[in-house]
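**Student:** Sharing a structure, written as C-alpha cells. Questions coming.
Rule-based calculations on the coordinates, nothing more; no lab input. From a predicted model like this one, the values you see are computed outputs, not experimental measurements. All Cβ positions, even for glycine, are placed from backbone atoms using ideal geometry, and neighbour counts span all protein chains on display.
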C-alpha cells in the first residue's frame with residue numbers, strides 16, 4: 001500500500017487522508033467479534049475506570065496509567081447511575097479498549113502488523129516505524145461520549161514530532177452516529193498542549209499555546225465501513241457525543257518513529273518486557 005504523489009500532496013495540504021475500501025468487510029466483522037469476546041471476558045467488579053476528554057486533568061488512576069502495555073477496558077461517562085451501577089449491559093457500556101491490543105491479542109496483532117501497513121508507513125517517510133498505541137472505540141448508541149478537539153501529538157509526543165494516527169472505520173461513520181470531524185489544514189498551526197505524568201503523581205496538561213481552535217470550520221468525515229483515515233499528529237480533530245441508536249465502532253493505531261526521542265514524562269509508558277515494536281519484529 002504505497003501512497004501516490006497525489007495522495008501525499010492531499011495529506012500534506014489537509015492533515016488527513018481518506019482511503020476507502022482499505023479493509024474488507026470480513027476483516028471488519030472479525031475485529032468486531034473479537035472485541036465483543038474481549039468485553040465478554042472482562043470482569044466488571046472492582047473496575048470502574050471512566051474515559052473522559054472533558055477534564056483538564058484526566059483520570060490518572062493506576063489502571064489507566066499502567067495500560068500502555070496491557071489490554072484494559074474503559075467505560076462511558078454516562079454508563080453508571082447515581083449508585084455507581086451500570087445502567088445497561090456491560091457490552092453497551094464500554095467506551096474503549098486500550099492500549100496494547102496490537103501486541104497482546106493475536107487477532108489485532110495480525111491485523112496491526114500487516115505488510116500493507118508497513119508499506120503505508122514507509123511511504124509516509126518513516127525510518128523506523130513503531131506501533132505505540134492501539135484502541136478499539138465503540139462510540140456506544142445514545143451514550144457514546146464526546147471527544148473534544150485535540151491533537152494526537154499531545155498524547156504521543158516525540159522530538160521531533162512523528163506520530164500518525166490510523167483510524168479504521170469498522171462500521172459506517174455518519175453525522176448521525178458522530179463521525180470524526182477535522183479542521184482541514186489545522187496541522188500547520190503547531191502543538192497546543194502536552195499530556196504528561198505529573199511529578200507529584202497522576203497526569204497534567206502542559207499548555208504551549210492557549211489560542212482557540214476554529215472548531216466551526218471543522219469538516220465531517222463521513223465514511224463507509226472499511227475506510228482508513230490517516231491523521232497527522234498535529235491535526236485538530238474531534239467527535240461529538242453519539243445520541244443516535246447506532247454504534248460507530250472504530251479501531252485506531254498510532255505510529256511513531258523510533259529515530260525520534262520519546263520522553264519519559266509522556267503519559268503512555270511501557271515496561272521493559274514489552275517495548276514498542278516495528279513491523280519487522282512481527283513479520
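**Student:** Rounded, prolate or oblate: which fits the stretch 102-152, taking a ≥ b ≥ c as square roots of the Cα gyration tensor eigenvalues, rounded meaning a/c under 1.5, else prolate when a/b beats b/c?
**Tutor:** On the way: a/c = 2.88, a/b = 1.60, b/c = 1.80.
Oblate shape, in that a/c is at least 1.5 and b/c is the bigger or equal ratio.
**Student:** To continue, here is another question. So for each of 124-132, 85-93 I average, over its residues, the number of other beta carbons within 10 Å; can you give me the resulting order with the highest mean first? Mind showing how you got there, number by number?
**Tutor:** Numbers: 124-132: 19.1, 85-93: 13.9.
The packing order, highest mean first, is 124-132, 85-93.
**Student:** Kindly state, to the nearest 0.05, the FRET efficiency for residue 246 paired with residue 281, given R0 = 41 Å and r defined as their beta-carbon distance.
**Tutor:** Numbers: r = 38 Å, r/R0 = 0.92.
The value I calculate is 0.65.
**Student:** Next up: First check a/c for the stretch 11-170, with a ≥ b ≥ c the square roots of the eigenvalues of its C-alpha gyration tensor; if it is under 1.5, answer rounded, and if not, answer prolate when a/b is larger than b/c or oblate otherwise. Walk me through the numbers before you get to the answer.
**Tutor:** On the way: a/c = 1.83, a/b = 1.47, b/c = 1.25.
Since a/c reaches 1.5 and a/b is larger than b/c, the shape of the stretch 11-170 is classed as prolate.
**Student:** If packing is taken as the mean number of other Cβ atoms within 10 Å per residue, what is the order of 195-202, 152-159, 29-36, highest first? Let's see the in-between values first.
**Tutor:** Working: 195-202: 13.6, 152-159: 21.0, 29-36: 17.0.
My ranking of the peptides, most packed first, is 152-159, 29-36, 195-202.
**Student:** Most fluctuating residue of 133, 110, 269 in a GNM of the chain with Cα springs under 10 Å: which is it?
**Tutor:** Answer for the Gaussian network model of the chain: 110.
**Student:** Once you have the Cα-Cα distance between residue 61 and residue 142, take 0.36 nm times their residue separation minus that, and quote the gain in nm to one decimal. Spell out each step's value before the answer.
**Tutor:** Working: separation 81, 0.36 × 81 = 29.16 nm, distance 2.65 nm.
Full extension of this stretch gives 26.5 nm more.
**Student:** Would you please classify the overall shape of the chain from the alpha carbon gyration tensor, given that a ≥ b ≥ c denote the square roots of the eigenvalues, rounded means a/c under 1.5, and beyond that prolate means a/b larger than b/c while oblate covers the rest?
**Tutor:** Values: a/c = 1.23, a/b = 1.17, b/c = 1.04.
Rounded shape, in that the Cα axes give a/c under 1.5.
**Student:** How far apart, in nanometres, would the label points at residue 209 and residue 176 be if each is projected 7 angstrom from Cα along the Cα-to-Cβ direction?
**Tutor:** Here the answer is 3.7 nm between the modelled labels.
**Student:** Go ahead and collect, in residue order, the members of the stretch 101-138 whose backbone nitrogen is under 15 Å from a label point 7 Å along the Cα-Cβ direction of residue 8.
**Tutor:** Inside the label zone: 119-127.
**Student:** When ranked by the protection proxy of mean other Cβ atoms within 10 Å per residue, highest first, what sequence do the peptides 226-234, 271-279 form?
**Tutor:** Final packing ranking: 226-234, 271-279.
**Student:** Can I ask one more? How high is the FRET efficiency between residue 33 and residue 265 when r is their beta carbon distance and R₀ equals 35 Å, given to the nearest 0.05?
**Tutor:** Numbers: r = 38 Å, r/R0 = 1.08.
Using R0 = 35 Å, I get an efficiency of 0.40.
**Student:** Mean residue ellipticity at 222 nm from the helices of the chain, using -39,500 (n - 2.57) per DSSP H segment of n ≥ 4 over the full residue count, to the nearest 500 deg cm²/dmol?
**Tutor:** Numbers: 7 runs with 54 residues, N = 283.
When only DSSP H runs of four or more count, the value is -5000 deg cm²/dmol.
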